[in-house]
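Read-outs: derived from the displayed coordinates by stated rules, not from any lab. Worth saying up front: this structure is predicted, and the values here are computed from it rather than measured. No Cβ is skipped: glycine too gets one built from the backbone with ideal geometry, and neighbour counts run over all protein chains shown.
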Amino acid sequence: HGSKIEEKAKKENKDPQKFTDEIAQSYLSAWKSLGIEYTDFIRTTSEKHKNGVLEFVKKLWDAGDIYEGEYEGLYCVGCENFVLERNLADGLCPDHLIAPQKIKEKNYFFNLKKYLPEIKKKIESGELKIIPDSRKNETLAMIESGVSDFSITREGLKWGIPFPYDNSPAGEQTIYVWADALINYATILDYPDGENFKKYWPPDLHIIGADINKFHSIFWPAMLMSADLPLPEEIFIHGLFTVNGQKMSKTIGNIIDPIELVEKFGADAARYLLLSQFPASEHGDVKAEEFARKYNSDLANGIGNLLERSFTMMLDYRSGLLGDKNGLDEKIKSSAEETEKSYENNFENYKLYEALADIFAFIKKLDVYINEEKPWILNKNKSADGRRKMDEVLKSLLFGIEKIIVWLEPFMPSKMAEAKNYLAKLKKGELKKEDRLGLFKRK
């Protein structure tokens, strides 16, 4: 819903519903290409959502938190939000590089100020946990600076859910797209009386982008409090991908197409290439020209080469039959334990970039271990001590690799499934010497 969609559909001479149906299909195709699964695909044009929104808005109305007023200001269609003149760059929205429209219209407003003191208290106490701290402080600063009541309706917009409490002619007021969209977190669970809503509300975690912090960390908690509903337990606010310092925007056209990335590198590698660019909590410039180099250095020559050379030695020197895990090299065992502790801490705190750095640092340690121990030379020593040392090296490599597979599984589920399947056959002695894993081929 909203004016942005209405305008784009008009430019293409399409009905907004037909236009959004086509866009939805492109997202469904994208998720399939990216290997992303979901329990439900949310459409805010569904009847279930519309009915849930009206029930939710009724709660706000009955609480006395909606009032009639008039708004005059600058509205950016790209942001679908009112913007302040002081935040413009040469008269343009800095994110979409378009001039906002000056509008004056009758709206219905939500009494946000009523709830700001309580929201501030919940954030400061950690009852509403906002991660990272920089975004928590940003949210508190917005509250301190004085956030105005926001329009819960728009005037004259046809593509939206009609506001039911207006005395103007039918369709004159529609529910503001951000109020409509936020409520989808509840309507997808069949708010207000569905079994899923009773079972799963409130959410453990909201994951959102930094540019929509205000809506999720201030507007949404206030709306929930007005509707007498518990708040989400945590909000993790991730940074934004930028290109040459500019936020990626379909309006500007400076986007990196994830489908093209998948076609070139595969879904698992594409996920790695994006997540390993910079910390998830920070903004960062995506350097597409570096993708091929990083793919080859980290994946083909890194994890791919480690597994290939290790499995090849296990197959060539012991036919994959290594026995139990007794007799591990203590420095490898100790390093794995340290890596696992750091990895788990980073992963649990949404530090995905740092968790990947932990894994790839350990991969390099195993590479160094191979070069130091030189199994190809050890294999020539047929004495009991020589065989014992060779067994220790191969078992230690196997131990480390099995850890790596577990750690990388959330990031590269398909590739790690391939590795696990190959390893299972290796351990059973079912592979021939010419059988190779070939996990990441050089680009």
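Dividing the Cα radius of gyration by the Kirkwood radius, what Rg/Rh value follows for the stretch 38-238?
0.95
Mind checking Rg over Rh on the chain, alpha carbons, Kirkwood formula for Rh?
1.07
Rounded to the nearest 20 debye, what is the charge dipole size of the stretch 84-153 about its Cα centre when +1 sits on each Lys and Arg Cβ and -1 on each Asp and Glu Cβ?
Charge dipole, the stretch 84-153, about its Cα centre: 260 debye, nearest 20.
Which residues' amide hydrogens lie under 5 Å from the amide hydrogen of residue 68, considering only partners 5 or more residues apart or on another chain, with H built in the peptide plane?
Residues meeting the criterion, in which the H sits 1.01 Å from N, are 109.
Filter the GluC sites (Glu not before Pro) in the stretch 197-264 to those in DSSP coil with at most 16 other Cβ atoms within 10 Å of their Cβ, and list the result.
The qualifying sites are 233.
Pull out the extension gain between residue 82 and residue 296, defined as 0.36 nm times the separation in residues minus the alpha carbon to alpha carbon distance; nm, one decimal.
72.5 nm
Multiply the residue gap between residue 24 and residue 337 by 0.36 nm, knock off their C-alpha separation, and tell me the result in nm, one decimal place.
Extending this stretch completely gives an extra 108.2 nm.
Taking the Cβ of residue 191 as the center, what net charge do the other residues with Cβ under 11 Å away carry, scoring Lys and Arg +1 and Asp and Glu -1?
0
Per-residue HN-Hα couplings for the stretch 34-45, Karplus 6.51 cos²θ - 1.76 cosθ + 1.60 at θ = phi - 60°, whole Hz, x for Gly and Pro?
Rounded to whole hertz, the list is 7, x, 9, 9, 8, 7, 7, 9, 7, 10, 6, 8.
Give the aspartates and glutamates reachable from residue 122 as a straight Cα distance under 13 Å; neighbours fewer than 8 places away on the same chain don't count.
Here the aspartates and glutamates satisfying the reach criterion relative to residue 122 are 233, 234.
Excluding residues fewer than 8 places away in the same chain, name every one of the aspartates and glutamates whose C-alpha is closer than 19 Å to that of residue 247.
Cα-Cα hits under 19 Å: 80, 90, 95, 138, 211, 257, 282, 285, 289, 290.
Beyond a 32 Å Cα-Cα separation, which of these cross-linked pairs lie in this structure: 365/443; 58/136; 58/104; 136/365; 11/58?
Correct reply: 136/365; 11/58.
I need to check one value: relative contact order of the chain, counting alpha carbon pairs closer than 8 Å and at least 6 residues apart, in percent.
After rounding, I find 14 percent.
Taking the dipole about the Cα centre of the stretch 104-242, with the C-beta of Lys and Arg at +1 and of Asp and Glu at -1, give me whichever of 231, 174, 150 is farthest to the positive side.
Working it through, the farthest residue towards the positive pole turns out to be 150.
Return the distance in nm (one decimal) between the two label points of a simple spin-label model at residue 98 and residue 244, each offset 7 Å from Cα along Cα→Cβ.
2.0
From the alpha carbon gyration tensor of the stretch 1-153, can you work out the equivalent ellipsoid semi-axes (sqrt of 5 times each eigenvalue) and give them in Å, largest to smallest?
Each semi-axis is √(5λ); the values are 29, 23, 20 Å.
Testing the spin-label approximation: label points 7 Å from Cα along Cα→Cβ at residue 285 and residue 254. State their distance in nm.
1.0
Just check the stretch 260-427 against the gyration tensor rule for me: Cα atoms, a ≥ b ≥ c as the square roots of the eigenvalues, rounded for a/c under 1.5, and otherwise prolate or oblate depending on whether a/b exceeds b/c.
Prolate, because a/c is 1.5 or more and a/b exceeds b/c.
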